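Below you'll find the structure, written out as structure tokens, and then a few comments.
The values are calculated or read from the model by the stated rules, or taken from the named source; none is laboratory data. Nothing here was measured: the structure is a model prediction, and the numbers come from that model. Neighbour counts are summed over all protein chains in view; Cβ atoms, including those assigned to glycine, are modelled from backbone coordinates with ideal geometry.
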Amino acid sequence: MKIFSNMTKKQLGYSEGWISVVINTILFVAKLWVGIISGSVAMIADAWHTLSDSFTSVIVIVGFWMSGKPADAQHPYGHGRAEAIAAIIIGTLLGVVGVNFIVDSVQRLINYQAVKFQSLAIYVFAVSVIVKEILAQFSFWAGKKTNSVALKADGWHHRSDAIASALIVIGALLSGYFWWIDGVLGIIVSLLILYAAYDIISKNVSHLLGDKLDSDMEKKLRIVIDELAMGILDLHHFHAHKYGDHTELTFHLRVAPEMQIAEAHLIASRIEKKLKEELDIEATCHIEPAKM
């Protein structure tokens with residue numbers, strides 16, 4: 001990870017995206033080849049699942065390109081929410097893959113379909129498990145470092161593919177004893193993928209609709225503001241609007257009714273400046289007098 005530690009958020013997003021595209025494309029070709037040789041529907045389906053990871057990584061790249069664009073006249077708060085949109089698209093694709101897996105798995109059970117796997121296919125999918133989990137760990141690390149929902153979502157996509165490949169390996173090893181294991185494990189994989197899709201979509205839809213300011217952030221805000229709280233009687237009505245790395249905050253300051261407008265304005269300006277310096281937040285304070 002040291003190679004990527006000093007990269008900017010945009011550089012790290014591009015690196016994760018392109019590395020994922022290249023590796024997933026190679027894995028797709030290998031999985032499809034051994035799947036066709038083995039005649040395994042599960043392996044061929046998982047190969048296309050891996051290729052879908054390449055598509056979602058392209059979406060991550062596009063999302064970082066969009067979110068990195070500066071603010072303009074039409075988008076005065078920048079393009080940071082493009083990341084959340086990219087994550088929702090990734091989650092939707094995950095959901096489609098999950099549904100297709102369920103349909104294929106149920107059909108195999110209905111048709112009493114068993115599969116005989118070749119040793120080469122098992123080796124390829126075992127390697128895929130390791131590679132995809134490494135990619136998942138890298139995406140989660142990059143997502144945490146950059147606070148990027150799109151990278152975290154891409155990490156879940158990699159992990160779902162790693163789990164799917166692992167279950168296929170298990171099914172291949174046990175298929176000689178249980179004809180139904182391929183279909184049952186396929187359903188389990190599908191449910192894991194659908195849960196990941198739901199988690200990704202619900203969190204990012206909530207983000208786009210506007211999340212309530214969490215208690216930890218409100219505590220940080222109050223600590224910073226309290227240092228300049230001379231003359232402030234109360235803080236309330238916090239509203240935060242997030243646009244990627246850019247956060248707009250509005251809140252109310254209640255002051256003594258006899259305080260001069262100029263003095264109240266000076267306090268508000270100092271607080272706005274301090275929040276920008278310490279928390280990188282663009283704040284707007286609304287001054288209101290306490291009731292007599």
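Can you say whether F117 is outside any helix (DSSP H, G or I) and touching a helix residue (DSSP H, G or I) at 6+ places or on another chain (Cβ under 6 Å), as far as the supplied structure shows?
In short, yes.
Quick test of your reading of the structure: R222 fulfils all but one of (1) of a type in the set (K, R); (2) surrounded by fewer than 15 Cβ atoms within 10 Å (Cβ to Cβ); (3) at pLDDT 80 or above. Name the failing condition by number.
The failed condition is (3).
When both residues are 6+ apart or on different chains and their Cβ atoms are under 6 Å apart, which pairs have a first residue that lies in the stretch 22-46 and is in contact (Cβ under 8 Å) with a residue 40 or more places away in the chain and not assigned by TED's automatic domain parsing to the domain that holds V99, and a second that is assigned to a helix (DSSP H, G or I) and basic (K, R)?
none
Being farther than 27 Å from I59 by Cα, at pLDDT 90 or above and among the aromatic types (F, W, Y) narrows it down to one residue among Y123, Y112; which is it?
Y123
The rows are residues; the columns are (1) without any contact (Cβ under 8 Å) to a residue 12 or more places away in the chain; (2) surrounded by 15 or more Cβ atoms within 10 Å (Cβ to Cβ).
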position	(1), (2)
S119	yes, no
K132	no, yes
K144	yes, no
N147	no, no
K152	no, yes
W156	no, yes
R159	no, yes
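Mind telling me which of the residues K152, K145 ends up being under 30 Å from M7 (Cα atoms), in a helix (DSSP H, G or I), out of contact with any helix residue (DSSP H, G or I) (no Cβ under 6 Å at 6 or more places or on another chain) and not β-branched (V, I, T)?
K145
For the stretch 95-114, name all the residues that are more than 34 Å from the chain's Cα centre (by Cα) and assigned to a helix (DSSP H, G or I).
Passing the criteria: only I110.
For the stretch 1-93, list the helices (runs of 4 or more DSSP H) that sit wholly inside it and hold at least 1 residues that are modelled with pLDDT under 85 and within 18 Å of the chain's Cα centre (by Cα); which are they?
The helices (runs of 4 or more DSSP H) meeting that bar are 9-38, 41-67.
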